[in-house]
Amino acid sequence: MLATFVNMLAVIAGSFLGLCLKRGIPNQAKDTIMQGMGLMTIVIGLKMALSSDQDIVIIVSLIIGGVLGEWAHLDQRLNHIGIAIKEKLHVKDSNFVDGFVSASLIFCVGAMAIVGSIEAGLNHDYTVIFTKSTLDGIMSIVLASSMGIGVAFSALAVLIYQGALTLLAGVLQNVLVGEVITYMTAAGGVLIMGIGLGIANIKDINTINLLPGIFIAGFLGWLMLEEHLVFWQSLWPF
């Protein structure tokens, strides 16, 4: 859990530094920075999305994930969490919920969070998470300077998500392998692109309700592992 706590502290520290910088930035400059940040987020997401060449798997995953997300009203549930935190702490920042939700998704979606947490849990190798912590810290500076203190509270999502993966590393090591992580990363990249479009004020996309698509993609990737394909072929030889 050490690496996860370091990642959490990096997000908090970066966020407060971003808040300090925010005070000296004119509103027009903030809008420009926000647009640039959004475009860069799209680029990051695109690189992740291109990690897999199985487009049909990602499409099917996002369709199924979107249906499940709408059925479960994930967007409302996550927004309610953000609102509850805001009210509990009496925060007056109007961008609190957007900052919390967007940053939580950006910091938790991706291969580094999965691979790094498993490596930390199994081998006590914190290299990947420490690298991710540095990147998240830098990202949180820019996000917080534009989206406010809600970004800092995304550290809670990092703690819960990566902490759970680290504690469950022994169970997940045989599941989150190879193509499974590749498919999850690709699906997550599509969602990050959607977040980037929202940050840049280009298009508001309900990425939260598409979130189950990441796990659907991982499940389909698991079914397509070589040992499972042999099993399916034995059932359906044609």
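The values are calculated or read from the model by the stated rules, or taken from the named source; none is laboratory data. Keep in mind that what you see is a predicted model, and the values were worked out from it rather than measured. No Cβ is skipped: glycine too gets one built from the backbone with ideal geometry, and neighbour counts run over all protein chains shown. The accessibility values were calculated without ligands, DNA or RNA, using every heavy atom of the protein model including side chains. Shrake-Rupley method; radii C 1.70, N 1.55, O 1.52, S 1.80 Å.
Find the accessible area per residue for the range 153-230; the probe is 1.4 Å, ligands and nucleic acids are left out, and the unit is Å².
44 Å²
Provide the FRET efficiency to the nearest 0.05 for the H73-N95 pair, computing r from the beta carbons and using R0 = 25 Å.
E(calc), rounded to 0.05, equals 0.65.
Once you sort the root eigenvalues of the Cα gyration tensor of the range 17-77 as a ≥ b ≥ c, which label holds: rounded (a/c under 1.5), prolate (a/b larger than b/c) or oblate (the other case)?
Note, shape of the range 17-77 comes out oblate.
Which far-off residues, 5 or more places away or on another chain, put their amide H under 5 Å from the one on V109, with H placed in the peptide plane?
Distant-sequence amide H within range of V109: zero hits.
Considering the options Q162, I106, G150, tell which one lies farthest towards the positive end of the dipole of the range 82-169, charges being +1 on Lys and Arg and -1 on Asp and Glu at the Cβ, about the Cα centre.
G150
On a C-alpha basis, how far is the centre of the range 121-149 from the centre of the range 1-21 in Å? Whole number, if you could?
Measuring centre to centre over Cα atoms gives 7 Å.
Probe radius 1.4 Å, ligands and nucleic acids ignored: give me the carbon and sulfur share of the accessible area of the range 86-238 as a rounded percent.
67 percent
Is the range 1-144 rounded, prolate or oblate when judged by the Cα gyration tensor, a ≥ b ≥ c being the square roots of its eigenvalues, rounded requiring a/c under 1.5 and prolate requiring a/b larger than b/c?
Judged from the Cα gyration tensor, the range 1-144 comes out rounded (a/c under 1.5).
Quote the FRET efficiency, to the nearest 0.05, computed for V177 versus K203 with a Förster distance R0 of 35 Å and r equal to the Cβ-Cβ distance.
Efficiency, rounded to the nearest 0.05: 0.50.
So what is the accessible area of the range 1-83 per residue, in Å², with the probe set to 1.4 Å?
With the other protein chains kept in place, the range 1-83 gives 61 Å² per residue.
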